[in-house]
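> To start, I am sharing the structure in question, which I have written as structure tokens.
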Amino acid sequence: MLDEKVIRTVDAAVDAEKDALSKLSTSIHQNPELRFEEVKAAGWICELLAARGMAVTRGVADMPTAFMARAGKSGGARIGILAEYDALPQIGHACGHNLIATAGVGAFLAASKVAESLGGEVVLFGTPAEEGGGGKVKMIDAGLFEGIDAAMMFHPFDRDVLAHPALANTWVTFTFGGAAAHAAIAPQDGKSALTGCMDTFRLIDGQRVHFLDGVRVHGFIVNGGQAVNIIAETAACEFSVRARTTDELTRVRAIVERCARAAAMASDVTISISERRGYKDMRNNMALARAFGQHMSALGRPPRETDGRVGAGSTDMGDVSHVVPSIHPWLAIVDENVALCHQHKFADAAGSARGIDTALVAAKAMARTASELLVNAELLATVKREWQEDR
Ligand SMILES: [Zn+2]
């Protein structure tokens, strides 16, 4: 349990920043920036931190829009809080990352008061490009999570859930090369790269009967050819492959590639394959999740522990959870089943007063949880033991 005085300190610190945090959330929401281009968002966050006297290091891990801020005293526990702020093509902040940033900044500012008075350190990670760029993966590779004892963030949703799975994933692009010919005058001279693309989709659909529960394979055509009257000389499609475990991901990834190669053979076209490194599955640290849940309950929002009725995506927080005990709780910004991530309605919710309220509650619950880890060595030991046993 956390001392009442610490709780009051933390909550008051978030309340004191309410206007600044609301403004930050709205500014980011109204100026959606794609992965690695979050110049304004990162700038506004760093300006606010600097205005509060925080030392900020920008451009970490060779990413101009990544940053880190630290507060407290070294020697004790070191707790990481993560902020995302990238948006999606066409649909803006339909994943609500503006709220993740807002809650992360609020939690960091509040927990820093505890770290400065009672010892230990809190570190805010500004993590770009969650949507397909893997900013956190680059920060792990740069060694920035070394020495961090536990890490946390929150994600907007349509319900309050402490521990939800996130799927291991990878992105594969198949580029087909055929032979151009007039599609009406001499179709017999052509080899259609587009047919290679389309057959890939059909063959993968035929294999779905063999996929384990939780597998997701979804693609789109990146290049559908050159003109309607030319047999497509080049065409390309990209697939996202996801599974609950890395083993299943590897198995399904091989099936998907086999389908693409078979499609290429059928159309007598060439195929080249490129892959973007994906994310690992999320290992929710339940001891840490439950500590967060107790604070949420005390704040008037008792969350469910899990909810198998709703689907799972993928996140680079999964990679963080493989190197540091981590949580990624999901909290409602709309009523259940009204809207989910990557929908226009969800983008609206991310800009609503309810969205900001949820970010502020999340900030308090994260600041309380981080503070508890700083002052309660027993909790931190339990969290670490669970993580070791999970490996
Ligand atoms: Zn998201």
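> Out of Asp213, Asp205, I need the residue that is open to solvent by 50 Å² or more (accessible area, probe 1.4 Å), farther than 21 Å from Ile271 by Cα and either at pLDDT 95 or above or not assigned by TED's automatic domain parsing to the domain that holds Gly318 (or both). Which one?
Of the residues listed, the single one that is open to solvent by 50 Å² or more (accessible area, probe 1.4 Å), farther than 21 Å from Ile271 by Cα and either at pLDDT 95 or above or not assigned by TED's automatic domain parsing to the domain that holds Gly318 (or both) is Asp213.
> Out of everything in the range 138-148 that is out of contact with any Gly (no Cβ under 8 Å at 6 or more places or on another chain) and open to solvent by 10 Å² or more (accessible area, probe 1.4 Å), what residue ends up being nearest to Glu37 (Cα to Cα)?
Lys138
> Let me ask you something else. Hey, can you tell me all the residues within the range 120-144 that are touching a Leu at 6+ places or on another chain (Cβ under 7 Å) and farther than 18 Å from Ile327 by Cα?
Gly120, Glu131
> For the range 17-41, which residues satisfy the criterion of being in contact with a helix residue (DSSP H, G or I) (Cβ under 9 Å, 6 or more places away or on another chain) and either open to solvent by less than 20 Å² (accessible area, probe 1.4 Å) or acidic (Asp, Glu) (or both)?
Glu17, Leu21, Leu24, Ser25, Ile28, Glu33, Glu38, Ala41
> Another one. Say we look at the range 81-133 and pick out the residues that are assigned to a helix (DSSP H, G or I) and either within 11 Å of the ligand (Cβ to nearest atom) or hydroxyl-bearing (Ser, Thr, Tyr) (or both); which of these is surrounded by the fewest Cβ atoms within 10 Å (Cβ to Cβ)?
Here the answer is Ser117.
> Might you check whether a residue that is farther than 18 Å from Met153 by Cβ and buried (at least 18 other Cβ atoms within 10 Å of the Cβ) occurs anywhere in the range 60-71?
No; the residues of the range 60-71 include none that is farther than 18 Å from Met153 by Cβ and buried (at least 18 other Cβ atoms within 10 Å of the Cβ).
> Now for a separate question. Taking the criterion of being in the same structural domain as Phe292 (by TED's automatic domain parsing) and within 16 Å of the ligand (Cβ to nearest atom), would at least one residue in the range 361-373 satisfy it?
yes
> Still on this structure: Given the structure, is Glu372 within 18 Å of Ala166 (Cβ to Cβ), in contact (Cβ under 8 Å) with a residue 60 or more places away in the chain and of a type in the set (Asp, Glu)?
no
> To continue, here is another question. Give me a count of the residues in the range 150-159 that are away from the ligand (no atom under 12 Å from the Cβ) and buried (at least 20 other Cβ atoms within 10 Å of the Cβ).
4
> Just need a number here: residues in the range 44-59 that are open to solvent by less than 10 Å² (accessible area, probe 1.4 Å) and more than 20 Å from the chain's Cα centre (by Cα).
Residues of the range 44-59 open to solvent by less than 10 Å² (accessible area, probe 1.4 Å): 45-46, 49.
Retained after the next criterion (residues that are more than 20 Å from the chain's Cα centre (by Cα)): 46, 49.
Total meeting the criteria: 2.
> Among the listed residues Ser352, Ser274, identify the single one that is more than 16 Å from the ligand (Cβ to nearest atom), in contact (Cβ under 8 Å) with a residue 60 or more places away in the chain and within 27 Å of Arg35 (Cβ to Cβ).
Answer to the check: Ser274.
> I would also like to ask the following. Working only within the range 4-59, note down all residues that are among the acidic types (Asp, Glu), part of a helix (DSSP H, G or I) and touching a Lys or Arg at 6+ places or on another chain (Cβ under 7 Å).
Asp11
The values are calculated or read from the model by the stated rules, or taken from the named source; none is laboratory data. Everything numeric here is computed off the predicted structure, so don't read it as measured data. When we count neighbours, we look across all protein chains shown, and the Cβ atoms used for this are built from the backbone with ideal geometry, even at glycine. Heads up: the accessible areas ignore ligands, DNA and RNA and are worked out on the full protein's heavy atoms, side chains in. Shrake-Rupley method; radii C 1.70, N 1.55, O 1.52, S 1.80 Å.
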